[in-house]
Amino acid sequence: MSSTRVLVRESGKSIACDPRKAYFSTKLQSERLETLALARELRELLGRPLRVCDPFCGVGPSLAILLSEPGLVSEVLASDLNPYAVELLMDNLRRWDGRSYPMEPAPISRIFEDRIIGVADAMQLQTNPEFTGRWDLLIVNLPHRTLDILHSLVPLLDRETPSMVRGRVIVPENEIEQANRSISRDLPDSLGGFPAPNLRIKRDYSSKLRLCSFQAWIAPRED
């Protein structure tokens, strides 16, 4: 670990990060709190703990808040293309989970029965049958590319029961409605009784671009 490694306290968890090696923003804490509230709602709907997939996990801030609540999460897939981020993630998980995670980053693998962790290209996860068709909550935290890659992540969802996609998008404000249509087109049908996915502006990213978030409640596949 480099000398720029720091510990940030958020939602009762200490998050190890290194601004020189892996992106982490404390400005997104409110977004993570919203994700926690949505995860609670999904758990209530399913009547069981959630299987969570975070294929752009970075150092794990989204997982920190979800794992802080007993009984909310059962199984986790957490991956990132940046090995330095995965190294920090392992350090964080050792403290959050109280288990002996590897010291060095490695290609994604099942480290424990309920933890699939490692370096991976999220676009390739759908090629491994061990990873597909099993996740209740899919977190898509790659806002510059979400609209381009969303369709390739759908196979990761468990389509036998209701599920959720929680994501962020950076888009020009005058293209938000077009982006909403793109999200609805690329995802399966919305769950009955829940609103269709709709981008909500969170803050200005630049003079023209807006950082937005959305949640999509996904209906089970009809046989």
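Tabulated data
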quantity: Interchain or long-range residues, amide H under 5 Å from residue 81's placed H; calculated: 120
quantity: In nm, spacing of pseudo-spin labels at residue 34 and residue 81 (7 Å Cα→C-beta vector); calculated: 2.5 nm
quantity: Cut-off under 5 Å, modelled amide H: who pairs with residue 218 long-range; calculated: 163, 164, 165, 191
quantity: Highest to lowest packing among 34-42, 151-159, scored as the average C-beta count within 10 Å; calculated: 151-159, 34-42
quantity: Rounded to whole Hz, the Karplus (6.51, -1.76, 1.60) HN-Hα couplings of region 157-163, x for glycine and proline; calculated: 6, 7, 8, 7, 9, x, 9
quantity: Estimated inter-spin distance, residue 45 and residue 190, nm [label 7 Å along Cα→Cβ]; calculated: 1.1 nm
quantity: Rounded Å value of the spacing that divides the Cα centres of region 51-65 and region 175-222; calculated: 20 Å
quantity: Sum of -39500 (n - 2.57) over DSSP H runs of 4+, divided by residues of the chain (222 nm, nearest 500); calculated: -8000 deg cm²/dmol
quantity: For residue 202, distant residues with modelled amide H under 5 Å away; calculated: 211, 212, 213
quantity: Principal axes of region 6-218: Cα extent on each, largest first, Å; calculated: 46, 41, 32
quantity: By average C-beta atoms within 10 angstrom, highest first, the peptides 189-197, 51-59, 210-218; calculated: 51-59, 210-218, 189-197
quantity: FRET E, pair residue 69, residue 23, Förster distance 25 Å, beta-carbon r, rounded to 0.05; calculated: 0.50
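Every number here is computed from the coordinates shown, using simple stated rules; none is lab data. Treat the numbers as computed from the prediction; the structure is a model and nothing was measured. Positions of Cβ are generated from backbone atoms using ideal geometry, with glycine treated the same way; all protein chains shown enter the neighbour counts.
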